[in-house]
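Please read the structure below before turning to the comments.
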Amino acid sequence: VFLIASGRAKEDFFDAYATHRGLNRQGKGMLPTSTPLLRKGDRRYAEQIMNGTLPSGLPGALALYTYEERHRDSEGNEDVDYYRFTVCMHDMPAVAHHVSDVYCQRRSGFRWMDSAEDAFRRMKRLELESEALDKRFEIFYGAEDDEVWLKRLFSPTFIVWLAESAPENFAFEFSAGSLCANVKGHLDGATELDALCEAGGVVAKRLAEEASE
């Protein structure tokens, strides 16, 4: 009974959230595999997909996204790992004329290992003079992209915002005209969902601003 009631409460919350924000809501579905996060795993799906003008004032989509990785042990028993994110997506084809790929990822591992790890990467690492930013993020861009353009994109004010004001566990990926801002876990509060949308909007506006220069 508790699980049924909890499920109904969740549906009621997202229905109310979408209604109050003027978004079109659908149940489960698939997201376009436009960025690396959205291509991960052996199985992928999304819930609470909402489309329209997001709280940032920009058109886009908001969803609870999950990908699964399946493993088998030596006896053939299957085990499944679930990775959950909340994602905010924007289509930005005009920016693709200036940069193909830029990934601002949550930092993992030790920074002294960066150079060794980079030897095996297809992407290039963007080095910026900000200790605070470097503690939170690792930034990569396409091998054929212009490093000078990328350094202009990460302006001083944008760097400060990423280092000090972006939501906890925030990251973003831009690839082939699609932006996917994300945080770990399935958010279930209006304040947190609004904050992700606003953060995604900050990134989208910065990309569009630099592309228009």
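The values are calculated or read from the model by the stated rules, or taken from the named source; none is laboratory data. Because the structure is a prediction, the values reported are computed rather than measured. With ideal geometry, Cβ positions are generated from the backbone for all residues, glycine too; neighbour counts draw on all protein chains shown. The protein model used for the area step is the full one, side chains on, heavy atoms only, and it has no ligands, DNA or RNA in it. Shrake-Rupley method; radii C 1.70, N 1.55, O 1.52, S 1.80 Å.
Identify the residue in segment 120-141 that is exposed (fewer than 13 other Cβ atoms within 10 Å of the Cβ) and not charged (D, E, K, R) and, among all such residues, is farthest from Met89 (Cα to Cα).
Phe120
Taking the condition of being open to solvent by less than 10 Å² (accessible area, probe 1.4 Å) and not in a helix (DSSP H, G or I), how many residues in segment 142-160 meet it?
Matching residues across segment 142-160 total 2.
When residues of segment 57-80 are filtered for being on the phi < 0 side of the Ramachandran plot, in contact with a helix residue (DSSP H, G or I) (Cβ under 7 Å, 6 or more places away or on another chain) and assigned to a loop (DSSP other than H, G, I, E, B), how many remain?
1
Sort out which residues of segment 57-69 are open to solvent by less than 80 Å² (accessible area, probe 1.4 Å) and of a type outside the set (Asp, Glu), and write them in order of number.
Answer for segment 57-69, where residues must be open to solvent by less than 80 Å² (accessible area, probe 1.4 Å) and of a type outside the set (Asp, Glu): Gly57, Leu58, Gly60, Ala61, Leu62, Ala63, Leu64, Tyr65, Thr66, Tyr67.
Taking segment 85-101, which residues are in a strand (DSSP E or B) and within 14 Å of Trp149 (Cβ to Cβ)?
Across segment 85-101, the qualifying residue is only Asp101.
Pull out all pairs, ordered by first then second residue, where Cβ-Cβ is under 7 Å, the residues are six or more apart or on different chains, the first lies in segment 9-25 and is open to solvent by less than 40 Å² (accessible area, probe 1.4 Å), and the second is of a type in the set (D, E, K, R).
Phe14/Arg25; Ala18/Arg25
Among the numbered conditions (1) crowded, with 19+ Cβ neighbours inside 10 Å; (2) aliphatic (A, V, I, L, M); (3) over 23 Å from Ala16 (Cβ atoms), tell me where Ala163 comes up short.
So Ala163 meets the others, but not (1).
Name the single residue that is farthest from Leu179 (Cα to Cα) among those in segment 35-56 being outside any strand (DSSP E or B) and open to solvent by less than 50 Å² (accessible area, probe 1.4 Å).
The selected residue is Gly41.
If I ask for residues that are in a strand (DSSP E or B) and touching a Gly at 6+ places or on another chain (Cβ under 8 Å), which ones from segment 161-172 would you list?
Of everything in segment 161-172, just one residue is in a strand (DSSP E or B) and touching a Gly at 6+ places or on another chain (Cβ under 8 Å), namely Phe172.
Taking segment 70-110 only, how many residues are among the polar types (S, T, N, Q), modelled with pLDDT of 95 or more and either open to solvent by 50 Å² or more (accessible area, probe 1.4 Å) or more than 29 Å from Gly142 (Cα to Cα) (or both)?
The qualifying residues number 1.
Farther than 27 Å from Leu31 by Cα, of a type outside the set (Gly, Ala, Ser) and not in a loop (DSSP other than H, G, I, E, B) - does that describe any residue in segment 173-190?
No: segment 173-190 contains no residue that is farther than 27 Å from Leu31 by Cα, of a type outside the set (Gly, Ala, Ser) and not in a loop (DSSP other than H, G, I, E, B).
Of (1) in contact with a Ser or Thr (Cβ under 7 Å, 6 or more places away or on another chain); (2) touching a residue at least 40 places away in the same chain (Cβ under 8 Å); (3) open to solvent by 10 Å² or more (accessible area, probe 1.4 Å); (4) not hydroxyl-bearing (Ser, Thr, Tyr), Cys180 satisfies all except one. Which?
(3)
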